[in-house]
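The values are calculated or read from the model by the stated rules, or taken from the named source; none is laboratory data. Remember, predicted model here, so these are calculated numbers, not experimental data. Cβ atoms come from the backbone with ideal geometry, glycine included; neighbour counts cover every protein chain shown. Note: accessible area is taken over every heavy atom of the protein model, side chains too, but ligands, DNA and RNA are not part of it. Shrake-Rupley method; radii C 1.70, N 1.55, O 1.52, S 1.80 Å.
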Amino acid sequence: MQPNIPTPAAQYGASARRWNWRRALSSTGSTGDAVFRVILFLCAMLILLIVVSMVTMMAANAMPSIRRFGFGFLTGRDWNPVADSFGALPFIYGTIVSSIIALIIAVPLSLGVAVFLVEQAPRRIARPIAFLVELLAAIPSVVYGLWGIFVLAPFLRVYVEPPLQKWFGWLPLFQGRITGIGLLTGGVILAIMVTPIITAVVRDVLAAVPVSQREAALALGATKWETTRVVLANAASGIAGAIVLGLGRAIGETMAVTMVIGNVPQISASLFEPSYTIASVLASNFSEATDELYLSALIQIGLILFLVTFMVNGVAKLLVWSVTRGTSGTARAT
Amino acid sequence: MLIPKKISQAVLALVLVTVAAFGLACSGDPVGKNSGDSGGGTVQLQGQGASFPKPIYEKWMSEYGKLHANVRIDYQSQGSGAGIKAIQSRTADFGASDAPMSEEDMKKADGEILHIPTVLGAVVLTYNLEGVAQPLRFSSEVIVDIFLGKIKKWDDARIKADNPNVTLPAKDITAVYRSDGSGTTQVFTDYLSKVSPEWKQKVGTDKAPKWPEGIGMGAKGNEGVMGQIKNTPNTIGYVELAYAKEQKLPVALIKNSSGNFVEPSLEAVTAAAAESAANMPDALHQSITNAAGANTYPISSYTYILVYKEQKDAAKGKALVDFLWWSLHDGEKYVKEKLYAPLPPDIVKRAEAKINSIMSGGKPLRQ
């Protein structure tokens, strides 16, 4: 407690001319503010420390695999623990394609729901629907997975995949054996999981657009549809943020996808064929991998997931920047 | 200015007190924990490993706990590989695995590890075929070719030849296998490697091999495979006997090395073990797939508990050997009700000798 004892004025003046740790840390020169600031700084540094230690730990453990396979790990298609041969391309492919399918379905759906809730629905309808959307976002993924096996997969097998094959069978996308388990089902379950997240965020973003903008559009003689377009344009950056949030969940999702995607490390043009994602292969094989190279390959694949997520976020930030450049006063997600 | 300064000093004091209290609490914790453990007189054992014997191990642990109130045993089923890792790193008092440890794995441990066989299990073929009531019959070559992707349709002539009285649909076969590393897969691929040189060369024996492309799909865990087979028509896959029986899925008869189609019954599994019991090596682990004998079920396997021969903690070691001894004798009556096959009598005797050889500080723990 010694630093807190009030010092005589002369001494205080002298120390102020020399280096004063309170002034250095806080502009008010108060001890409490300085301590407060240090604590906040340490909290922020902790995040950085966690990220750095995760990356270095994973890179260090992945070293045997990185040394053995080099860049070929990213382009290799063979995943064979028996022969000590590991290539990650099928997992990267499965992760990206299933996430793209999810977004293709989820984005228009979530925008539709959010626009309805904010722009069209009367309050007594909007409230309960908004509540349900938030409820859906909180359901654990294993529950989605079970529902996927017992309800969604049989439904797609009987009612969706045969007509798709009948009408669009000339596309390689819809050829092959119909089992209800595969890339398409994985994408659909992801879409169902990310829709509530995107909807909830977009709804908040749209609600943040000032009412005066809608009134201005209407006053200029715009229709309800045209007004909605004005609102959407103003909320563009927030909407992009919501989509990135959904994409993040889709890429990292493990249990639900594992249960319906079929878990075969292959690259096939057909969406009906089984596939495999990075998160699934990690969850499935981590506890059983006793061999050093195998474990190291799994850690390297985890590192790739990390980098893919980084890249997706970077691209999304660029996208947001390019959309919002030049416009000001837009509503944001945060 | 005076009041804010006082407040900030109070904040600082509070922070310092909290930090000090936290530090004290942290340093004090292990002391309290240790004294609590030794003072209570209870022994806590931690096991980790294979998911296949989990139901019988849990039954044993609960029954044993009723008889010995001072012993608490916990078991985490995270897979055979996790069991081997846990015993190597001594993060558990005993490990459990369906597949024996390899020479390499043994070397990584800091002491001699013993394999104690506990029960026997079977890997069965189960399927989802509409309109087929009686159990299907498969010869080993047919199973190999289904999982190699050479037999693609259910009405293939070779499946028909084994099942002359069954009308099989002209549908594609979808094979379902374990996507996660698994002792069950190890036993199944060990069998396929023994009956087919082609399988041995192309795929091999492993907990998570590279399956031929285009044969079907992978699913996580016994439950995942069962779920996939139940919900997808025209599928075939392999699971542990107990799981298939509990879920009332059809179970196929498999042609053994004597040419008989055998149902996976507990007797047929024990018979497979008894057939080769005389050749059991000193390490007390062996593969019993594709066993000789007229009534043996060909995809059978031992499951093992892994323990260090030299126990560091005498009290824990004593509790462990007593539990192992009990499970081989009094525990045996619970084995069949949980759908596992009991060990042949010769192997029980050899396991007894192994348990008797477990020591602590140079003294055998069991008198």
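Ordered by 1.4 Å accessible area with all protein chains kept, B:V203, A:V51, A:V211 run largest first as A:V211, A:V51, B:V203. Distance from a point 7 Å along Cα→Cβ of B:E112 to each backbone N in the stretch B:341-367: keep the residues under 20 Å and list them by number. What the label zone holds, given the 20 Å backbone N cut-off, is B:348-367.
Residues whose amide H comes within less than 5 Å of that of B:V71, counting only those at least five positions distant or on another chain, are B:V43 (H built at 1.01 Å from N in the peptide plane).
Assuming R0 = 35 Å, can you tell me the calculated FRET efficiency for the pair A:F71 and A:A233, based on Cβ-Cβ distance, to the nearest 0.05? In this case the efficiency is close to 0.25.
Under a 10 Å cutoff between Cα atoms, tell me which one of B:T126, B:T167, B:T118 has the largest fluctuation in the Gaussian network model of chain B. Result: B:T167 has the largest fluctuation of those listed. A dipole drawn for the protein assembly as shown from +1 and -1 charges on Cβ atoms has a positive end, and of B:A99, B:I113, A:S141 the residue lying farthest that way is A:S141.
How much accessible area per residue does the stretch A:170-283 have, counting only protein heavy atoms and a probe of 1.4 Å, in square angstrom? Mind dumping the intermediate values first?
On the way: 3870 Å² over 114 residues.
Counting only protein heavy atoms, the per-residue value for the stretch A:170-283 is 34 Å².
Structural descriptor for the stretch B:245-321: relative contact order 29 percent, calculated from alpha carbon pairs under 8 angstrom and at least 6 residues apart. The long axis of helix A:236-252 is offset from the longest Cα principal axis of chain A by roughly 70 degrees.
Helix hunt in chain B: which complete DSSP H runs extend at least 24 Å axially by C-alpha with mean Kyte-Doolittle at least -1.0?
Answer set is B:2-40.
Across B:E141, B:E198, B:E103, mean-square fluctuation computed from a Gaussian network of chain B (C-alpha pairs under 10 Å connected) peaks at B:E103.
Between B:S265 and B:E130, what length comes free when the chain is fully extended (0.36 nm per residue of separation minus the Cα-Cα distance, one decimal in nm)? Can you show the working numbers first?
Details: separation 135, 0.36 × 135 = 48.60 nm, distance 2.43 nm.
Stretched out fully, the B:S265 to B:E130 stretch lengthens by 46.2 nm.
Between A:F150 and A:I96, the modelled labels are 3.7 nm apart [label points 7 Å from Cα along Cα→Cβ].
All other residues with a Cβ under 15 Å from the Cβ of B:L192 taken together, and with Lys, Arg as +1 and Asp, Glu as -1, what is their net charge? Residues close to B:L192 contribute a combined charge of +3. Chains A and B together bury some 3100 Å² of accessible area, summed over both sides, with a 1.4 Å probe.
Full extension of the chain between B:E213 and B:E310 yields a length gain of 30.3 nm, computed as 0.36 nm times the residue separation minus the alpha carbon distance. Considering only B:T289, B:T270, B:T42, the mean-square fluctuation computed in a Gaussian network model of chain B, springs between alpha carbons under 10 angstrom, is largest for B:T42.
What 222 nm value per residue comes from the helices of chain A, counting each DSSP H run with n ≥ 4 as -39,500 (n - 2.57) and dividing by all residues, nearest 500 deg cm²/dmol? Don't jump to the answer; show the numbers that get you there.
Details: 15 runs with 225 residues, N = 334.
That comes out to -22000 deg cm²/dmol.
Which whole-number percent is the relative contact order of chain A (Cα, under 8 Å, 6+ apart)? Could you put the intermediate results ahead of the total?
Details: 421 pairs, mean separation 81.4, N = 334.
24 percent.
Determine the share of the protein assembly as shown's accessible area contributed by carbon and sulfur atoms, expressed in whole percent, with a 1.4 angstrom probe. The value for the protein assembly as shown is 63 percent carbon and sulfur by accessible area. Accessible area per residue (1.4 Å probe, heavy atoms of protein chains only) ranks A:F155, B:F323 as A:F155, B:F323, with the largest value leading.
When you restrict to C-alpha pairs under 8 Å that are six or more residues apart and normalise by the size of the stretch B:116-246, the relative contact order lands at 37 percent. Between the stretch B:284-313 and the stretch A:258-304, the C-alpha centres lie 30 angstrom from each other. Mean residue ellipticity, 222 nm, helices only, chain B: the sum of -39500 (n - 2.57) across DSSP H runs of n ≥ 4, divided by residue count and rounded to 500, is -13000 deg cm²/dmol. Where does the charge balance sit around B:A351 when Lys and Arg score +1, Asp and Glu -1, over other residues with C-beta under 15 Å from its C-beta? Taking every other residue near B:A351 into account, the sum is -1.
Each residue, B:E103 and A:F306, gets one label point 7 Å from its Cα in the Cβ direction; the gap between the two is 3.6 nm. Among the listed pairs B:K152/B:K336; B:K202/B:K354; B:K207/B:K255; B:K200/B:K255, those whose Cα-Cα separation exceeds 28 Å are B:K152/B:K336; B:K202/B:K354.
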